[in-house]
Structures are given as C-alpha cells and as structure tokens.
Amino acid sequence: MLKVNFLSEFFIFRKNIGVNGALIATMTQADEMKKYATVLFNNYGKDYDLIHSHGCFPLTYHMMKKATKLKKPIVISAHQTHHDTDNTFIFSKQISQLFKIYLMSYFKFADIIICPTEHSRRIVKDELRFDKPIKLISNGVNTQEFKHSIKKRTQFRKNYKLNNTTVMCVGMPIERKGFYDFIEISKEINEYTFLWVGKRAFPLIQQNYNFNINNLIMPGYVKDITAAYSGGDIFCFPSYYEGEGIAILEAMSCGLPVIIRDLPTYEGRLIDGKNCLKARDNKEFIEKIYYLINHPEERKRIAKNGLNTAKKLDIKETAKSIFETYMELIQN
C-alpha cells in the first residue's frame, strides 16, 4: 500500500496556535486518504513513498530537502502564499515580501503543486514563478461531519444566550480576516447578535482594538465547531484574502446562507445572488445582512444552493483527485 508522509508544522504546534484552514485541510484530507494509502505524519525516516507537504516553514523545508536527496516525489498543497501575511501583523507588508522570496525557494522542492482555486494557481504560477505542473483541487469539506443539527443548535444558543437572529463568523481574529470590519458592522446592526468564533493566536504583535461589548460575543476557540455553525443564522465572512475559504464551505455545508467579500478567489465557484451574497465594503455587508434577515425565503434559497455547492466539493472527491495525483507521480 502506498505510504504518504504528510508534513505540517501546524499539526505539531496546533495546541499553541489553534486551528487554521491549513490544519483543517491537512487533517480532513489525511483521514479520507487512509482509504487509499498509509498516512504518516512528519516522518523523519526513509520508509515512505512520497511526501505531501501542507506546511511552509523551516521544519518541512528541511524534511523536503532530505526527501530530495532520497529522490522521493514531493507534492505541496499551496495553503499559503505571501498574501496571507498581508494585514496580519505589525510590519506585515515587509514580512510579506520576505515570505514571498522564501516561498519561491520552498515551492521549488515540489514536483507538483496543488492549488485550491484558479486565483491561487495564478499567484503560484505568475507571482511565485512556479513552472512545474499545478493541479487545481479544492481542499474539500466533510459534508457528513458538517451538518446542521437542531439538537446542537438548541444547546449552543442556550449556552451563549442567543435569543435573536445571530450573524456569525469563524476565523482567526485578525485584520486580514476582516475582524475589525466585523466589529464595526456589529455596532451598526446593534439590534441583532454577532458571534466571532476563533482564537487570537498572536496577542503580542496584533493591534489592539476597541471591541464592541454590547451585542458581540467572542467565545474564542470552540471545540465543537459544528455546534457553532448550527447555532448561527447568517454567516458573514469579510476576509480580505483567502486561498479558498474553508470556513465558507463548512458554513454552507451546515446550511447557513453566506455573505462574503467580493474577491477574485471566489470567482466561478461562489456566485453572487445564487449560492452567496457578495459585498465590497461595510455598507454593503450591512445592506446584505438586513436583506437576508428581512427576506427569509431568500435566506433559505441561498442556503440551499450553498449546500449543493459544498456537496460538489466534498472531501471524498478531493481525496480521490489527490490520490490520482500521487499515482501519476509514482508511475512516472
């Protein structure tokens, strides 16, 4: 049976930095890949057939360098680009340029890179100048796991005293994710409850902010994230950059209507007025939130179309496509 060595620093340091999209994709894909192959995690030895890297930092860099000497095939999932550091830390613009140079070196180890969207592929090809094969494969979402639960909704809303329409978001509370915009939106729509689920991983280097304490709830990390999605009514995701936006797929899979920022990343997959609503600024986010609240039938329609989109991007299809990529490399 094929032995695949999954690499990820996020897996090692998950207790310190919390959950992020790259880690979710790694674990979801690894679980499903076990149907096709033997999956190892950060294996330092030689007993594997190929590497699939989901990381992008010095540890996985070192392990891929070693794998190159052993002539092991290498697949890299491009969960991060230099744009992920934009508006994330103090001096983020300077860090972004350094990260870009580093990623150009890092991606050279790959025989094939997997990108989750066409926009991500363009960045890797044109900005990071990767000239080897690039596969376009969604990170996927486990639609069997991410399902709306009335039982979980009832308990979650009771735990957090959610008594009216709840607008929610899931992600690291940083500027790039649109966290500060979410706060401002919650202040404008103060008759409804807003919920941001996610751990603040970098408190020492993130900016401080005047938080809304009236109708904004911030529980931090929530172990049962499906319960959180089930407890919400509208998913508002004002992120400024995403490789794909796994949280969007999770929310759709749980039956939530989503409102997202109008970004190139979503082109061709997330269509305004069909399976989502798109906004360009806070004013439009506010308008779209009120629109969904005041038009329950539209809310149901968009949520239904979103669920159909999530099903088309189920992790089963992702794992199948990735395994075919593995075999393509092994057989060449």
**Prompt:** Which condition number in (1) part of a loop (DSSP other than H, G, I, E, B); (2) buried (at least 22 other Cβ atoms within 10 Å of the Cβ) is the one that G306 fails?
**Reply:** (1)
**Prompt:** Name the pairs whose Cβ atoms lie under 7 Å apart, with the first residue in region 172-189 and touching a residue at least 60 places away in the same chain (Cβ under 8 Å), the second part of a helix (DSSP H, G or I) and surrounded by fewer than 21 Cβ atoms within 10 Å (Cβ to Cβ), and 6 or more positions between them or separate chains?
**Reply:** D181/N282; E184/N282; I185/N282; I185/I286; E188/I286; I189/I286
**Prompt:** In region 50-66, which residues are hydrophobic (A, V, I, L, M, F, W, C) and assigned to a strand (DSSP E or B)?
**Reply:** L50, I51
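Under the condition of being among the aliphatic types (A, V, I, L, M) and part of a loop (DSSP other than H, G, I, E, B), which residue from region 109-135 is nearest to K316 (Cα to Cα)? If you could, list the steps in order and put the result at the bottom.
Initially, region 109-135 is screened for residues among the aliphatic types (A, V, I, L, M), giving 110, 112-114, 123-124, 128, 134.
Remaining after also requiring part of a loop (DSSP other than H, G, I, E, B): 110, 128.
On the way: A110: 24, L128: 30 Å.
Residue satisfying both the conditions and the ranking: A110.
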**Prompt:** Which residues, counting only those in region 19-30, are in contact (Cβ under 8 Å) with a residue 60 or more places away in the chain and over 14 Å from S138 (Cα atoms)?
**Reply:** V19, N20
**Asked** Restricting to region 136-191, what's the tally of residues that are modelled with pLDDT under 95, in a loop (DSSP other than H, G, I, E, B) and hydrophobic (A, V, I, L, M, F, W, C)?
**Response** 2
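For residues that are among the charged types (D, E, K, R) and part of a helix (DSSP H, G or I), tally how many sit in region 93-108.
Taking region 93-108 first, the residues among the charged types (D, E, K, R) are 93, 100, 108.
Among the residues that remain, those that are also part of a helix (DSSP H, G or I) are: 93, 100.
Residues flagged as among the charged types (D, E, K, R) and part of a helix (DSSP H, G or I) within region 93-108 amount to 2.
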**Request:** For region 75-84, state whether one or more residues are at pLDDT 95 or above, touching a Phe, Trp or Tyr at 6+ places or on another chain (Cβ under 9 Å) and among the hydroxyl-bearing types (S, T, Y).
**Result:** no
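Answer yes or no as to whether P133 is crowded, with 19+ Cβ neighbours inside 10 Å and either at pLDDT 95 or above or within 29 Å of P264 (Cβ to Cβ) (or both).
On the way: crowded, with 19+ Cβ neighbours inside 10 Å: no; either at pLDDT 95 or above or within 29 Å of P264 (Cβ to Cβ) (or both): yes.
Criteria not met by P133.
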**Item:** Of all residues in region 135-170 being under 23 Å from the mean Cα position of the chain (by Cα) and of a type in the set (D, E, K, R), the one that is nearest to T193 (Cα to Cα)
**Value:** R153
**Request:** Output the qualifying pairs, or none if there are none: Cβ atoms under 6 angstrom, residues six or more apart or on different chains, first residue in region 107-130 and within 23 Å of I246 (Cα to Cα) and in the same structural domain as I24 (by TED's automatic domain parsing), second residue part of a strand (DSSP E or B) and among the small types (G, A, S).
**Result:** I114/S77
**Message:** Checking L40 against (1) modelled with pLDDT under 95; (2) more than 18 Å from T318 (Cβ to Cβ), only one condition comes out false. Which one?
**Reply:** (1)
**Request:** Look through E324, E317, E297 and report the one residue that is in contact (Cβ under 8 Å) with a residue 24 or more places away in the chain and acidic (D, E).
**Result:** E317
**Request:** List every residue pair whose Cβ atoms sit under 8 Å apart, with the two residues 6 or more apart in sequence or on different chains, where the first one lies in region 220-246 and is on the phi > 0 side of the Ramachandran plot and surrounded by fewer than 24 Cβ atoms within 10 Å (Cβ to Cβ) and the second, anywhere, is part of a loop (DSSP other than H, G, I, E, B) and charged (D, E, K, R).
**Result:** G220/K199; G220/R200
**Complete:** Restricted to region 267-286 and to residues being in contact with a strand residue (DSSP E or B) (Cβ under 6 Å, 6 or more places away or on another chain) and not hydrophobic (A, V, I, L, M, F, W, C), the residue farthest from C169 (Cα to Cα) is D272
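Restrict the check to region 165-172 and report whether at least one residue is in contact with an Asp or Glu (Cβ under 9 Å, 6 or more places away or on another chain), surrounded by fewer than 18 Cβ atoms within 10 Å (Cβ to Cβ) and over 16 Å from V222 (Cα atoms). Before the answer, list the steps.
Start the filter on region 165-172 by keeping residues that are in contact with an Asp or Glu (Cβ under 9 Å, 6 or more places away or on another chain), which leaves 165-168, 170.
Restricting the remaining residues to those that are surrounded by fewer than 18 Cβ atoms within 10 Å (Cβ to Cβ) gives 165.
Going one step further and asking which of them are over 16 Å from V222 (Cα atoms), we end up with 165.
Yes, that holds for at least one residue.
The values are calculated or read from the model by the stated rules, or taken from the named source; none is laboratory data. The structure presented is a predicted model; accordingly, all values stated were derived computationally and were not measured. Glycine gets a Cβ as well: all are built from the backbone with ideal geometry, and neighbour counts include every protein chain shown.
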